[in-house]
Amino acid sequence: MDKYQNRQEAGRLLAEALKSYSDRKDAIVLALPRGGVPVAFEVAKALYLPLDVFIVRKLGAPYHEELAMGAIAMGGAQVLNEEVIRELNISQAAIDQVVFSEHQELQRREKVYREKRPPLNVTNKVVILVDDGIATGATMRVAVKALRLAKPTAIVIAVPVAEKSICDKMAMIADKVICPLKPSVFYAVGAHYEDFAQTTDEEVHELLAKA
């Protein structure tokens, strides 16, 4: 198999690889929105685990927004890609401007997605951190960095697809990495889905409310 039909199918197949965590009282599923939420919903449903979001935002390089120069997460954690910053000669003022803008968006999403529900407590819990795939790993790295501050028992990164070298890098920061599909040729996460339509804020809100 080199492609998933959609995020729902990817989530169901990912849940199969996570069976050992089923119905554990000390485990929770956290999704990286927006694309990770439909995947994580299927995982949480299949494993009878609570679901929440952990919001991270990529810091797009000025004039090269698709290129990540870093990422920020809930709780104020931040990681920067010094190589990209150096190569593009990005000033501290430009970095600060992007961080400010993305922090505003992060707060907006938290309000929209969760409304008045408090975030799930991750202390002394096994956190299964789910996204629809990993490209550069910037957002996943900052999520793990932020979550470590809350002292979970373990962090399990679970994604349907990622390059093997990226999985190896993630294994250095997580306690475990689960990734069923590790293609030898990897262009983008969306290339490994038949349907990779953008997940909307409304869908995220609906799935979290349903969970």
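Read the figures in this text as sums done on the coordinates, not as results from a lab. A quick note: this is a predicted structure, and the numbers were derived from the prediction, not measured. Note that each Cβ is placed from the backbone with ideal geometry, even for glycine, and that neighbours are counted across all protein chains shown.
Each Cα pair under 8 Å and six or more residues apart adds its separation to the average, and for the chain the resulting relative contact order is 27 percent.
Positive end of the dipole of the chain (Cβ unit charges, origin at the Cα centre): among ASN121, VAL53, ALA10, the Cα lying farthest that way belongs to ASN121. Can you compute the label reach from ALA150? Point 7 Å from Cα along the Cβ direction, backbone N cut-off under 18 Å, restricted to region 87-108. Once the point is set 7 Å along Cα→Cβ of ALA150, 106-108 turn out to lie under 18 Å by backbone N, inside region 87-108.
Exceeding 20 Å between C-alpha atoms, which entries from my cross-link table qualify? They are LYS25/LYS182; LYS3/LYS58; LYS25/LYS45. Check vs 20 Å cut-off fails for LYS25/LYS182; LYS3/LYS58. Beta bridges assigned by DSSP with both partners in the chain are antiparallel in approximately 30 percent of cases.
Placing a label point 7 Å from the Cα of GLU194 along the Cα-to-Cβ direction, the residues of region 2-41 whose backbone N falls under 18 Å from that point are 2-14, 39. A helix-only calculation puts the chain at -11500 deg cm²/dmol for mean residue ellipticity at 222 nm, using -39500 (n - 2.57) for each DSSP H run of at least four residues, averaged over all residues. Between 0 and 90 degrees, the angle of helix 7-16 with respect to the longest Cα principal axis of the chain falls at about 60 degrees.
What angle, in degrees between 0 and 90 and rounded to the nearest 10, separates the Cα long axis of helix 201-210 from the longest principal axis of the Cα atoms of the chain? Around 30 degrees separate the two axes.
Given the choices (i) 1.26; (ii) 1.08; (iii) 0.97, Cα Rg over 2.2 N^0.38 Å derived from the coordinates of this structure is entry (iii).
For a test of the definition: using alpha carbon positions, the gyration tensor, and the 1.5 limit on a/c, classify region 57-113 as rounded, prolate or oblate. It is prolate, given that a/c is not under 1.5 and a/b is the larger ratio.
Sorted ascending by nearby beta carbons within 10 Å, beginning with the fewest, VAL159, VAL185 become VAL185, VAL159. The trypsin sites (Lys or Arg not before Pro) found in region 14-120 that occupy coil by DSSP, while having at most 16 further C-beta atoms within 10 Å, are ARG24, LYS25, LYS116. Counting only residues at least eight positions apart within a chain, or on another chain, the aspartates and glutamates with an alpha carbon under 19 Å from that of LYS111 are ASP52, GLU102, ASP201, GLU202, GLU203, GLU206.
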